[in-house]
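The values are calculated or read from the model by the stated rules, or taken from the named source; none is laboratory data. Just so it is clear, the structure is predicted and the values come from calculations on it, not from any experiment. So basically every Cβ, Gly included, is an ideal-geometry build from the backbone, and we count neighbours across all protein chains shown.
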Amino acid sequence: MISPALLGSLSNLHHLMMNLAEQIPDADFNRQYHPDLGSCGHILGQCVYRELYWLREVIGGDGDLSSRIRHLVVPGELRLKAQCAQLPPKDHLLNWAAEIQDHHLMLLANPRLLPEHPLLAEETGILPFIVQEHARSYEQLLSLLSLRQLQGLTTGYSPKAVLASQTPACDAVDVTQGVYRIGSRFEPWAYDNELPPQMIKLSNFRIARRPVSNAEYLAFMEDGGYERESLWWRGAEWLKSEASGAPNHWRRDDSGHWYGIGLNGPFDLIGDDPIYGINHHEASAFAVWASERGGETAGAVLQHEYQWETALRTQALENHGRVWEWCANTFEPYSEYQPPAESALATRDFDDEHRSLRGGCLHTQPALRRPSFRNRGLPHQQFLFAGARLVFPPKDQGARHHQG
């Protein structure tokens, strides 16, 4: 029997996404707001297809409906732009999605209506995977709605509290050299990319207690961070061709003061809040800038995901889970990784391009909040509700760095 809690999570995600989708005008429903993101209709269609494929095609042996829409939601012959253009209008898609989702909830609540299948097992079955994938789709939909707010929006907003810059400080926690466990060991919902659990050796390091703040990032901007190409390394091309000189959702009023634009419109930027709306290039450039300033931030680098997970498990981190945190490393399989027997369950982003993200954001659902969960993004993507956290050398090494 499938637990009521798991069914509740699935039903909640259905409602969350349908409520968001209903807010989008008909004319914008199948519109893309970023080349890497599908339209609202496309994201919702992927969620419906995900359930059709697993519950009806794989478990039920009926691939009629899933095969009809596969070419519109699964990467293949059609490019993403073409898929979005061929989707049905809003009312048709929403009614269709609601009917199918309600039917699936009824089936799952009455297992006798489904054939016996190992993928219906409570903890090791397919439903936890569907719930987690829907949770990821929910964040994509929120990213899309945020981008929609930014495009074509004119506002006379002026912040009541003016954001002031603040020099980065090294408020860090020591993590001693040792062997630490990384990855999932007992979580039955773990993705293949969290396995197998690893024992890894880390040298001494210090990790910032909190992510980089809005005020600290503003200091980087005011010090010419977007004008100094030497800070950008691999992001130099992005800097020349795409950079706007600020985080994705930041805007300036007529007096030159910065404010943010979110899902509910413009808002004041709080100095101590963690920065988000930056990509991996921007996070890396900030780390280089902080290091070059010398003093207590000398030697600063972006965290490696091993350092983040170790610090979390040893309770060294504060203020995590409000923004995703870019990591320095490429998103790669763990040592002795074995792809799942079911190829549709395998991680598809091991491409030497994606970078690891850790921590979760304000919109991240409980199903994805665990120390071993690994998110990822492409280096140019600013829409991921992502910020940064710095790591520093041990104190004795940092002192030598400063003297040098």
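Of everything in segment 351-378 that is in contact (Cβ under 8 Å) with a residue 60 or more places away in the chain and more than 12 Å from the chain's Cα centre (by Cα), the residue that is farthest from His320 (Cα to Cα) is Ala367.
Screening segment 169-201 for residues that are under 30 Å from Asn214 (Cβ atoms) and at pLDDT 95 or above and picking the one that is surrounded by the fewest Cβ atoms within 10 Å (Cβ to Cβ) gives Asp174. For segment 139-146, the count of residues that are at pLDDT below 90 and at negative phi is zero.
Does any residue of segment 82-89 turn out to be within 17 Å of Gly45 (Cβ to Cβ), among the hydrophobic types (A, V, I, L, M, F, W, C) and without any contact (Cβ under 8 Å) to a residue 24 or more places away in the chain? Checked against the condition, which is being within 17 Å of Gly45 (Cβ to Cβ), among the hydrophobic types (A, V, I, L, M, F, W, C) and without any contact (Cβ under 8 Å) to a residue 24 or more places away in the chain, segment 82-89 yields at least one hit. Summed over segment 181-201, the residues that are in a strand (DSSP E or B) and either within 26 Å of Ile278 (Cβ to Cβ) or under 25 Å from the mean Cα position of the chain (by Cα) (or both) give a count of 4. Considering only residues in segment 210-225 that are over 24 Å from the mean Cα position of the chain (by Cα) and among the charged types (D, E, K, R), the one that is surrounded by the most Cβ atoms within 10 Å (Cβ to Cβ) turns out to be Asp223. The combined condition, being in contact with a His (Cβ under 6 Å, 6 or more places away or on another chain), surrounded by 13 or more Cβ atoms within 10 Å (Cβ to Cβ) and farther than 30 Å from Pro366 by Cα, is fulfilled by Pro159. Of the residues making up segment 332-341, just one is without any contact (Cβ under 8 Å) to a residue 40 or more places away in the chain and of a type in the set (Asp, Glu), namely Glu332. Would segment 272-280 turn up any residue that is assigned by TED's automatic domain parsing to the domain that holds Glu216 and either more than 17 Å from Phe385 (Cα to Cα) or at pLDDT below 95 (or both)? No, that holds for no residue.
Within segment 25-57, restricting attention to residues that are touching a residue at least 40 places away in the same chain (Cβ under 8 Å) and charged (D, E, K, R), which residue is surrounded by the fewest Cβ atoms within 10 Å (Cβ to Cβ)? Filtering first and then ranking leaves Asp26.
In segment 361-382, the count of residues that are modelled with pLDDT under 95 and either surrounded by fewer than 22 Cβ atoms within 10 Å (Cβ to Cβ) or at negative phi (or both) is zero.
Among the numbered conditions (1) outside any helix (DSSP H, G or I); (2) at pLDDT 95 or above; (3) farther than 21 Å from Asn248 by Cβ; (4) out of contact with any His (no Cβ under 6 Å at 6 or more places or on another chain), the only one that Trp308 does not meet is (1). Residues in segment 283-300 include none that are in contact with a Pro (Cβ under 6 Å, 6 or more places away or on another chain), closer than 29 Å to Val173 by Cβ and of a type in the set (Lys, Arg).
How many residues are in a helix (DSSP H, G or I), in contact with a strand residue (DSSP E or B) (Cβ under 9 Å, 6 or more places away or on another chain) and among the aliphatic types (A, V, I, L, M) if we restrict to segment 265-305? So the count comes out to 4.
Yes/no per residue for (1) under 22 Å from the mean Cα position of the chain (by Cα); (2) crowded, with 20+ Cβ neighbours inside 10 Å:
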{"site": "Ser3", "(1), (2)": "no, no"}
{"site": "Leu13", "(1), (2)": "yes, yes"}
{"site": "Asn19", "(1), (2)": "yes, no"}
{"site": "Gln23", "(1), (2)": "no, no"}
{"site": "Ile59", "(1), (2)": "no, no"}
{"site": "Gly63", "(1), (2)": "no, no"}
{"site": "Leu72", "(1), (2)": "no, yes"}
{"site": "Glu77", "(1), (2)": "no, no"}
{"site": "Gln83", "(1), (2)": "no, yes"}
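Screening the candidates Glu122, Glu133 for the property of being in a helix (DSSP H, G or I) and in contact (Cβ under 8 Å) with a residue 60 or more places away in the chain yields one hit, Glu133. When Ser66, Ser39 are checked against the criterion of being hydroxyl-bearing (Ser, Thr, Tyr) and either within 19 Å of Ile130 (Cβ to Cβ) or modelled with pLDDT under 95 (or both), a single residue qualifies: Ser66.
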